[in-house]
Amino acid sequence: MFSSTWTTGAALGLLFLTRGAKADEASEAILEQEADSVTDLFHKFIFGICGVVAAIFLVWRILIVSVKYTRQLVCLTNEKQRYFAMPYKKYASLKKYLLYAPIFHKRHNREFQLSSAMNMGVLPTRFQLLALTAYVGTNIAFCLARIHWDQSLSVVAVEMRHRSGILAVVNMIPLFVMSARNNPLIHWLDISFDTFNLLHRWFGRIVVIETLLHTFSWVVSTVHRAGWAAVAAAFQKSEMMMFGLIGAAAMVAITFQSLSFVRHAFYETFKYLHIMLAILVLVGIWYHLKLADLHQTKYLIVAIVIWALERTIRVLLVLYRNIGRGGTKALLEALPGNAVRVTLDVARPWTFTPGQHAYLYMPSIGLFTAWSQEEEDPLAGDGLAVGRQDVLAIRKTTMSFVIRARTGFTNTLLQKAEAAPEGKMFTRCFVEGPYGGAHLMRSYGTVVLFAGGIGITHQVPHVRDLVTG
């Protein structure tokens with residue numbers, strides 16, 4: 001009798017639990033569908049925010065260009081320079097306290113060092129910090145808003161998983177746009193590549209954090225439902241989960257190898273490892289989304305197309321500029337003061353403006369190394385391309401770079417030049433560029449140039465441009 005009663009009670013209990021589980025699953029499905037619609041709205045807000053910010057900067061760019069053009073016309077017809085006698089106190093205060101201001105009292109664009117041997121990157125301006133804080137705060141709000149916190153832990157974790165995963169994929173589009181050297185927004189919005197590079201690093205951190213939140217939320221919901229054994233079984237049996245894990249692991253690896261002191265100490269290794277890990281991230285996330293048949297795959301396709309197209313354009317431009325007429329040839333000359341002059345006889349004429357820089361690839365010096373005349377590049381020297389033709393010429397066939405030897409590639413350049421007879425060496429070269437050079441001084445009535453580093457090499461092109469203008 002007792003056994004029969006116990007069996008009947010157990011059966012009824014199991015029936016109620018099954019019905020309860022099914023009810024929970026049904027409610028979770030409804031909440032999941034609602035969460036998807038909210039998430040779709042939020043990721044549209046992300047695109048909208050990026051579009052509005054770009055439009056504001058475009059209007060600002062048009063305004064500044066108009067002011068410069070007007071200023072140049074006034075300066076050409078007025079020797080007394082009365083245009084500059086009109087004070088713009090509000091605009092000056094805006095630049096002083098917001099646009100160009102350091103975060104606190106330490107000057108921006110200077111490395112934040114924990115010690116003399118370890119730095120943690122370049123400090124942003126106050127405006128950049130406020131913009132980054134606003135965007136990070138927006139992503140936090142989108143991750144936490146409209147979550148059903150009153151539901152079970154499993155439901156909350158599922159909603160958080162969907163929200164963070166979609167936002168991570170959506171943020172990958174601006175992430176890859178900002179990493180491109182040939183980013184058209186650099187010229188359209190007059191924002192330097194260094195600024196986009198700063199944003200690229202922070203967008204990357206946002207994507208990594210949202211990816212880890214996505215992974216952690218899945219683990220929590222799975223453990224809550226079926227225990228740790230289900231987590232292990234999912235990675236062993238599900239290709240979708242395995243590819244997702246590969247993509248997440250590659251992101252974590254990128255985070256650590258992108259730390260400033262690691263990047264500066266092993267820059268060439270960092271650069272190529274960064275590219276390989278980025279490819280691994282794209283492959284892992286692609287298969288993760290594709291096997292799950294998620295519509296967010298279209299956003300990843302956009303990111304992949306942006307990255308692949310920019311890389312292809314760079315390669316094609318390098319080949320176009322350096323093939324023909326025997327190719328680009330370089331003359332290395334050792335100079336006093338731990339410097340080397342690189343004179344290029346380029347295969348095709350170039351047009352460059354003051355302040356621009358280029359990448360030099362010399363396979364005989366280093367197969368996978370490159371030098372860039374870019375101030376924030378850890379391998380950069382203080383050099384600038386100077387044409388050897390007449391000052392009124394526009395398209396150059398010969399360019400000179402004066403490079404201060406430091407470590408890595410620049411030090412190898414100097415050693416090769418010093419070891420050659422008479423301190424001169426000829427070699428093949430591939431040159432990429434020109435990049436940068438958006439800030440010209442033609443519209444100013446008076447210009448004061450300050451020389452540093454190895455002297456006036458940076459100022460000479462500006463002087464020549466002002467004379468010809």
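Here, each number is a calculation from the coordinates, and none is a lab measurement. Keep in mind the model is a prediction, meaning the values are calculated, not measured. A quick note on method: Cβ atoms are made from the backbone with ideal geometry, for glycine too, and the neighbour counts reach across all protein chains shown.
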- Message: Here is the link list: LYS96/LYS298; LYS271/LYS329; LYS271/LYS416; LYS90/LYS271. Which ones come out longer than 32 Å on Cα distance?
- Response: LYS96/LYS298; LYS90/LYS271
- Message: Please give me, ordered by residue number, the chymotrypsin sites (Phe, Trp or Tyr not before Pro) of the stretch 133-226 that lie in loop per DSSP and have at most 12 other Cβ atoms within 10 Å.
- Response: TRP149
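Give the residue list of chymotrypsin sites (Phe, Trp or Tyr not before Pro) in the stretch 406-465 that are DSSP loop and have at most 13 other beta-carbon atoms within 10 angstrom. Mind showing how you got there, number by number?
Values: sites: PHE409, PHE426, PHE430, TYR435, TYR444, PHE450; in loops: TYR444, PHE450.
When the chymotrypsin sites (Phe, Trp or Tyr not before Pro) of the stretch 406-465 are filtered for loop state and at most 13 Cβ neighbours within 10 Å, PHE450 remain.
Report the calculated FRET efficiency for ARG428 and ILE313 (r = Cβ-Cβ distance, R0 = 22 Å), to the nearest 0.05. Walk me through the numbers on the way to the answer.
Details: r = 23 Å, r/R0 = 1.03.
The pair ARG428/ILE313 has a calculated efficiency of 0.45.
Give, as a single signed number, the net charge of other residues whose beta carbon lies under 11 Å from the beta carbon of LYS96, with Lys and Arg counted +1 and Asp and Glu -1. Intermediate values should be presented prior to the final figure.
Values: positive: LYS89, LYS90, LYS95, ARG126; negative: none.
So the environment of LYS96 carries a net charge of +4.
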- List the trypsin sites (Lys or Arg not before Pro) in the stretch 296-328 that DSSP assigns to loop (not H, G, I, E or B) and whose Cβ has at most 15 other Cβ atoms within 10 Å. Which are they? ARG325
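I need the calculated FRET efficiency for the pair SER152 and PHE45, taking r as the beta carbon distance and R₀ as 30 Å, to the nearest 0.05.
Numbers: r = 28 Å, r/R0 = 0.93.
After rounding to 0.05, the efficiency reads 0.60.
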